[in-house]
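To keep things clear, I will list the structure first and then write my remarks on it.
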Protein chains: 2
Amino acid sequence: MHGLVFPSKLLENTVEEFAKLPGVGKKTALRLVLHLLKQPVSDVDRFTNALNKLRHEVKHCIKCNNISDTDVCHICSNPRRDDAVLCVVESIKDVMSIENTNQYNGFYYVLGGLISPMDGIGPADLNIDGLVNKIAQGNVKEVIMALSATMEGDTTSFYIFKKLKNTEVEFSAIARGVAFGDELEYTDEITLGRAIVNRTRFESTLAL
Amino acid sequence: MHGLVFPSKLLENTVEEFAKLPGVGKKTALRLVLHLLKQPVSDVDRFTNALNKLRHEVKHCIKCNNISDTDVCHICSNPRRDDAVLCVVESIKDVMSIENTNQYNGFYYVLGGLISPMDGIGPADLNIDGLVNKIAQGNVKEVIMALSATMEGDTTSFYIFKKLKNTEVEFSAIARGVAFGDELEYTDEITLGRAIVNRTRFESTLAL
């Protein structure tokens, strides 16, 4: 499949568009497009309409930046959630992952990325000002940093911590350590080292 | 990612449409859709328009059933190709693969599938009548069966052979044997057995 010779320009254009998707090569793109060509026109219309409607009509919650069909998302508009706790995450996907655990009942704040000089993403490219304004309103008592355990995540957490250190808010970060089900033998040394340093009392571990 | 809680119905609909694609699970679908959400609206419009245009406007060549932007495809309308040889393939993808080898200069005939009772596909579901009519016109001297080396491919080849055995056309099938670069040790016994039975003269092998 080196130099693909396409029998149709329309097919070639569509395959090229699919091949721009992350992790989709030309061969996979061709397979997906030929599959769609075999489907009824109405099915393909439903596919393109869904994507079209999403891209044109989707909103970002004015309170947390999460994707939403309404101005305020269903989490931020839920009166039974605890507005004293704010969990800072990188993306919408992280909100979905944490919601999926059923272990958190506070609000979220979606940054939309992490500080990454390598990728040209600075603090100004993230929604950090909105976060600072939110904290300044005074309802939030605790900010939980739930960013990736990477250089970029740590840098971003540190930047936000510095920005907010003059406020009265309390800071925490999600626990890092050996994942449930992981064997010590295969745990990398940095994770294992930190897990020993940051060991927790035995009772609290059991309580999980 | 068991029971995904979507923050938006629009997002959920689009992820569901993507998850219908072959080999795309919910998690991959979400990743693709969130990627598209980050792209400029114009890029996503280009994506949906390409697919939309393809599905609504694509034609099938009236001579060979290949996908085409015109009534007769660029292969069938090429006067420098040999109209005495007709290569019967399952799908458009096979035409592209064979064209890619630069080893074939005749015409094609795309069946659009293989006889497969397990999947409820009978001879009537394929474009076999068109093939029979084409042969009846008398230009074609040789029909090359280039179908998959599977039960379904063999059944289809045999069915077509029976349908055309009263014509003067010559039948051939693409060679089966040990693939170039394959080690004998790892070649399955059926392939190896047939490769011994159907051995070719040493000179002709070298000529390849």
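Residues of the range A:109-154 that are touching a strand residue (DSSP E or B) at 6+ places or on another chain (Cβ under 7 Å), surrounded by fewer than 16 Cβ atoms within 10 Å (Cβ to Cβ) and either without any contact (Cβ under 8 Å) to a residue 24 or more places away in the chain or of a type in the set (Asp, Glu) (or both): A:Glu142 alone.
At least 1 residues that are outside the structural domain of A:Ile121 (by TED's automatic domain parsing) in each: list the helices (runs of 4 or more DSSP H) lying fully within the range A:138-208 that qualify. Once the helices (runs of 4 or more DSSP H) in the range A:138-208 are filtered for at least 1 residues that are outside the structural domain of A:Ile121 (by TED's automatic domain parsing), what remains is A:189-197, A:202-207. No other residue among A:Thr191, A:Thr167 is surrounded by 13 or more Cβ atoms within 10 Å (Cβ to Cβ), within 22 Å of A:Lys63 (Cα to Cα) and of a type in the set (S, T, N, Q) apart from A:Thr167.
Of all the residues in the range B:33-69, those that are more than 7 Å from chain A (Cβ to nearest Cβ) and either aromatic (Phe, Trp, Tyr) or surrounded by fewer than 21 Cβ atoms within 10 Å (Cβ to Cβ) (or both) number 11.
Yes or no, residue by residue, for (1) in a helix (DSSP H, G or I); (2) modelled with pLDDT under 95; (3) outside the structural domain of A:Leu147 (by TED's automatic domain parsing); (4) more than 27 Å from B:Pro7 (Cα to Cα):
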residue: A:Gly23; (1), (2), (3), (4): no, yes, yes, no
residue: A:Arg31; (1), (2), (3), (4): yes, yes, yes, yes
residue: A:Leu37; (1), (2), (3), (4): yes, yes, yes, yes
residue: A:Asp45; (1), (2), (3), (4): yes, no, yes, no
residue: A:Thr48; (1), (2), (3), (4): yes, no, yes, no
residue: A:Cys73; (1), (2), (3), (4): no, yes, yes, no
residue: A:Lys93; (1), (2), (3), (4): yes, yes, no, no
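Tell me whether the range B:167-187 contains one or more residues that are of a type outside the set (A, V, I, L, M) and within 28 Å of A:Gln39 (Cα to Cα). No; the residues of the range B:167-187 include none that is of a type outside the set (A, V, I, L, M) and within 28 Å of A:Gln39 (Cα to Cα).
The values are calculated or read from the model by the stated rules, or taken from the named source; none is laboratory data. Please read all numbers here as calculations on a predicted model, not as lab measurements. All Cβ positions, glycine included, derive from the backbone under ideal geometry; neighbour counts span all protein chains shown.
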